[in-house]
């Protein structure tokens, strides 16, 4: 099942890249392994995937400890400040930085461990009350502040679009996130590189690719559906 699912996702990613006139290597597929056992992650690893995303710090840490060391773990879920010390040094990219206080906590932990941490700023493009993330208007100010932190590198932006029946409804949110990244890049802020756009999940990653996604987060499309799983 996993091999068949992965082949189907790859086929659709390639088709979306073709439609957008993009190269396949411009898009990183993050296999979202939340709630799935390490044995399934190993199976997907054996099929060639090396980039996995987790929503919860505890799950990321547990799997990181027992699975192959060349896996690139991404922290894609909401990150509480009291969990920062567990994830710094384990996740190669934190997608969900949505406040100055969280950025400060990551900076402090990175300084303690003498590391630099790559982060994305999470933006709530659709303005959903149920979701975390900065408003688009809040992003430039946070960029300027975090740019001064010596142990953090802003690498781009992330958004979680609404869970909709028709993925075309989310095109506007993906397009607007890309526009926001262009605006930030134009300011040429030191220590800020907004080349990563993390957007698109199982239901809408093809539209996201067409609108410029460089990372897509696919869980259900690879691992299969769970009743409460909408990645």
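Quick note: the coordinates plus some simple rules give every number you see, no bench work behind them. Values in this document were obtained by computation on a predicted structure and should not be read as measured data. Ideal geometry is used to build each Cβ from the backbone, glycine not excepted, and the neighbour counts take in all protein chains shown.
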query: What FRET efficiency comes out for the pair residue 72/residue 193, r = Cβ-Cβ distance, R0 = 22 Å, nearest 0.05?
result: 0.80
- prompt: If you count, for each residue, the other Cβ atoms within 10 Å and average over each peptide, how do 149-157, 80-88 line up from highest to lowest?
  reply: 149-157, 80-88
- request: Compute the relative contact order of the chain as a whole-number percentage, counting only Cα pairs closer than 8 Å that sit 6 or more residues apart in sequence.
  value: 21
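Take the eigenvalues of the Cα gyration tensor for the stretch 1-93, scale each by 5, and report the square roots as semi-axes in whole Å, largest first.
After diagonalising the Cα gyration tensor, the semi-axes are 26, 16, 11 Å.
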task: Report the percentage of all Cα-Cα pairs in the stretch 134-214 whose separation exceeds 16 Å, rounded to a whole percent.
output: 49
task: Give me the number: length gained by fully extending residue 100 to residue 186, i.e. 0.36 nm times residue separation minus the C-alpha to C-alpha distance, one decimal in nm.
output: 28.8 nm
statement: Only helices counted: for the chain, with every DSSP H run of 4 or more residues adding -39500 (n - 2.57) and the sum spread over all residues, [θ] at 222 nm is -11500 deg cm²/dmol
Bins of 5 Å, starting at 0 and running to the largest distance - Cα pair percent for the chain: 1, 7, 15, 19, 20, 18, 12, 6, 1, 0
- line: Here the gain from full extension of residue 3 to residue 169, 0.36 nm per residue of separation minus their alpha-carbon distance, amounts to 56.8 nm
